[in-house]
Structures are given as structure tokens and as C-alpha cells.
Amino acid sequence: MVFKPMASSTPVSPRLPAVSSTRARSILEAAGRLQILVLGDLMLDQFIWGTVARISPEAPVPVVEFERESFMPGGAANVARNLTALGVRSELLGLVGKDSAANDLRRLLQEHGIGCRRLLEHPARPTSVKTRIVAHQQQVVRIDRENREPLDADSVRWLSRALKREVPRSAAVIVGDYGKGVVTQGLLDALKPLCRRHGVWLSLDPKPVHRLDLGGLSLITPNRKETFELARIPDETRNTNPLHDKNLLAAAGQLLEHQRPALLLITLGELGMLLCQRGRDPFHIPTLAQEVFDVSGAGDTVIATFTLAIAAGASPLEAAMLSNHAAGIVVGKIGTATVSPGELLASFPRASR
């Protein structure tokens with residue numbers, strides 16, 4: 001275990017700072033002057049909305065009566081969408097196919113003000129599309145159309161050259177790994193020294209489905225399940241107080257010891273977040289969500305908000321609290337949602353006079 005022993009047995013760290021709406025506003029204003037580069041698996045999220053009034057006579061399944069459909073940028077594109085929703089300039093780097101889904105995705109990116117000059121069109125891979133069928137505000141089923149094979153060497157070289165042009169212009173880089181083949185070891189090996197050379201913050205949302213060397217990153221943001229998979233420790237016991245969850249703390253310590261990120265932020269759903277750093281006590285940030293309608297894309301909101309905050313000069317705890325507030329807002333919405341500056345600022349208390 002690499003954490004210092006905790007001096008207190010209280011369920012929430014007593015040193016959690018109070019972040020006022022004034023401080024949150026200053027962080028967002030500073031972030032608005034920056035560009036953040038987003039790299040990773042791009043997707044088109046399709047939502048088919050309807051109602052269910054009967055069960056099919058052909059099989060015991062609900063019949064969804066179609067009402068409408070909508071499309072949103074998904075995967076790493078949703079991370080970029082979260083950044084622009086909060087007023088931060090974002091440039092997107094990734095891969096699409098030569099198909100109609102790619103055209104739809106480009107149109108959406110332009111509508112949301114997301115930079116998409118660095119998208120590689122691959123003739124042999126389709127644009128990843130996730131179709132969610134939603135009835136009465138509940139997902140009924142999801143259909144995935146994608147190629148999850150690792151990216152070929154020529155495409156990795158193309159993306160690596162694009163990184164050399166974009167990283168020096170960026171205050172931070174976010175890697176969205178969804179296990180669809182774009183994030184490879186070769187690409188990470190090109191990116192990490194580039195970020196170190198230019199002093200650029202590097203965040204990654206990991207996917208343990210493929211083993212990558214994650215050493216030397218500024219931030220990784222796994223959820224509980226991903227934390228145990230990355231640490232290769234079984235999740236055998238659970239405590240509703242993360243600071244007293246020895247199993248979770250052991251897994252976190254394992255990641256800090258072997259992957260050595262500057263910061264580890266573990267998202268814990270209804271239990272909030274755990275912020276971990278080598279040589280320091282972990283901090284538990286309780287969730288602020290009042291109602292949870294849909295957790296789709298909540299992790300994208302967390303990594304986007306944390307990274308923009310830290311790039312704008314926030315402390316790790318301030319960045320974690322901003323991302324916790326943002327996540328608490330988006331899970332109360334249906335679909336892969338974002339949070340606006342007004343919504344985020346309204347969730348913080350006014351500074352006392």
C-alpha cells in the first residue's frame with residue numbers, strides 16, 4: 001500500500017475544500033482561453049425513441065412504437081462535446097469510415113463547434129455506431145456496429161504525425177479508449193514523450209479489455225470495475241465508505257505503484273469518486289446526483305471537466321469537485337448529455353461575504 005495512514009476515521013475527508021461559484025467561474029473562464037486535444041475511439045450515438053404498450057405475439061419481447069430518432073457524437077467525440085459545452089476549444093483526432101455515418105458525425109461535430117480537421121477516413125473500417133432504443137426513458141436494447149481490431153501501422157503513423165502538429169498547440173490531451181482499436185501501444189508510445197516535451201497534461205480513460213502500458217500519464221479515470229481489472233485484483237468485498245474499503249484501496253495502491261500516474265480518479269457511481277495520489281491520503285468526494293436517469297457518457301463528462309479544470313490552474317481537489325458536480329448533473333438527463341456553464345455554476349454555493 002502506498003497511501004499514508006489515514007489520521008481520521010470519518011467517512012469523508014475533513015480537508016475537502018469548499019469551492020464557491022465565484023471560484024468555479026474563474027476556472028471556467030481560464031479554461032475558455034485554452035485548447036484541449038481529444039484522441040481516441042470516435043462513435044456516432046443513435047437514439048430511437050418510442051413507447052411500449054404491448055408484448056410481441058412472435059416472442060416475449062416489448063414492441064416499441066417509433067416516435068423519433070436523434071444522433072449525438074459518442075465515445076471520444078462526446079468528451080470533446082463536453083469540453084465545448086463548457087466553453088473550451090477542442091480539437092478531435094481519430095478515425096471514421098467512408099460511410100454515411102461519418103458524414104453524420106462530421107455534421108454534428110461542426111454543429112457543436114468541435115474541431116475535426118484531423119479525422120482519418122479509413123476505407124476498410126466502418127464508423128462506429130451505437131444504436132440505443134429507448135422507451136419511457138429506459139433503454140430497451142443497444143445495437144453496436146463497429147470494428148474492434150487494432151489499428152493498422154499506416155493509420156498509427158498518420159495519427160502520430162497529426163499529434164506532432166496538435167500537441168504543441170494544446171494545454172492538455174485527453175485519450176478516450178473505448179476498446180475499439182484506435183488507442184494502441186504504438187500511439188501511446190508516440191504521445192507520452194511528446195506531451196512531456198511540451199509540458200502538456202495527459203489524461204486517459206482506460207479500457208482493460210486490452211493491456212496497455214499506462215505508465216507516465218498525468219491522470220487515469222477508471223471506474224471501480226476497471227480499477228480491479230487493471231490492478232489484477234479480485235473485487236471480493238465492498239464497503240459503502242470508500243475510505244474504509246480495504247479492497248478498493250489495495251487496488252488503487254497497486255495502480256499508483258505500477259502505473260505511476262500523477263493522479264488516479266476512480267469513479268464509483270452512487271458512491272461518488274476517490275481521488276488518489278502517491279504519498280498522500282486518498283480523498284472521497286460523495287456523489288451529488290439527486291436522480292439518476294442515464295449514466296451513458298458520465299465518464300466522458302468526468303474526464304473532460306477534470307482535465308479542463310486542472311489545465312486552467314485548479315488544484316486536483318478543485319478539479320475533482322467540479323467534475324463531480326458536472327457528473328451529478330448529466331446523470332439526471334436522458335442520453336449522452338452535457339452540462340452548461342450556467343448549470344455547473346448554479347450547483348456551487350455563492351462565496352460568503
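The values are calculated or read from the model by the stated rules, or taken from the named source; none is laboratory data. Please read these numbers as outputs of a predicted model, since none were measured by experiment. Ideal geometry is used to build each Cβ from the backbone, glycine not excepted, and the neighbour counts take in all protein chains shown.
Observations
- Residue among 271, 264, 288 that alone is modelled with pLDDT under 95 and within 21 Å of residue 229 (Cα to Cα): 271
So that you can scan it fast, the table gives a plain yes or no per residue for (1) at pLDDT below 95; (2) more than 30 Å from residue 167 (Cβ to Cβ); (3) not in a strand (DSSP E or B):
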residue: 47; (1), (2), (3): yes, yes, no
residue: 65; (1), (2), (3): no, yes, no
residue: 81; (1), (2), (3): no, no, yes
residue: 92; (1), (2), (3): no, no, no
residue: 101; (1), (2), (3): no, no, yes
residue: 106; (1), (2), (3): no, no, yes
residue: 110; (1), (2), (3): no, no, yes
residue: 117; (1), (2), (3): yes, no, no
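- All of 287, 336, 305 fail the test of being β-branched (Val, Ile, Thr), in a loop (DSSP other than H, G, I, E, B) and within 13 Å of the chain's Cα centre (by Cα), apart from 336.
- Counted residues, region 326-345 - those being surrounded by fewer than 22 Cβ atoms within 10 Å (Cβ to Cβ), more than 13 Å from residue 28 (Cα to Cα), of a type outside the set (A, V, I, L, M, F, W, C) and in contact (Cβ under 8 Å) with a residue 60 or more places away in the chain: 1
- Every residue from region 211-251 that is assigned to a helix (DSSP H, G or I), touching a residue at least 40 places away in the same chain (Cβ under 8 Å) and within 20 Å of residue 287 (Cβ to Cβ): 224, 242, 243, 244, 249
- Odd one out for residue 130 among (1) closer than 30 Å to residue 52 by Cβ; (2) touching a Pro at 6+ places or on another chain (Cβ under 7 Å): (2)
- Filtering 326, 320 for residues that are over 17 Å from residue 220 (Cβ atoms) and either at pLDDT 90 or above or touching a Gly at 6+ places or on another chain (Cβ under 9 Å) (or both) leaves a single hit, 326.
- Within region 119-135, the set of residues being surrounded by 19 or more Cβ atoms within 10 Å (Cβ to Cβ), of a type in the set (Val, Ile, Thr) and in a strand (DSSP E or B) comprises 129, 133, 134.
- Unmet requirement for residue 242, which otherwise passes all of (1) more than 20 Å from residue 83 (Cβ to Cβ); (2) buried (at least 24 other Cβ atoms within 10 Å of the Cβ); (3) at pLDDT below 90; (4) not acidic (Asp, Glu): (3)
- So residue 168, is it closer than 18 Å to residue 36 by Cα and without any contact (Cβ under 8 Å) to a residue 24 or more places away in the chain: no
- On the stretch given as region 245-258, residues that are closer than 18 Å to residue 204 by Cβ and crowded, with 19+ Cβ neighbours inside 10 Å total 4.
- Hits in region 190-210 (condition: touching a Ser or Thr at 6+ places or on another chain (Cβ under 9 Å) and not in a loop (DSSP other than H, G, I, E, B)): 190, 191, 194, 195, 198, 201, 202, 203, 204, 205
- Qualifying residue in region 103-113 (condition: surrounded by fewer than 17 Cβ atoms within 10 Å (Cβ to Cβ), under 20 Å from the mean Cα position of the chain (by Cα) and not polar (S, T, N, Q)): yes
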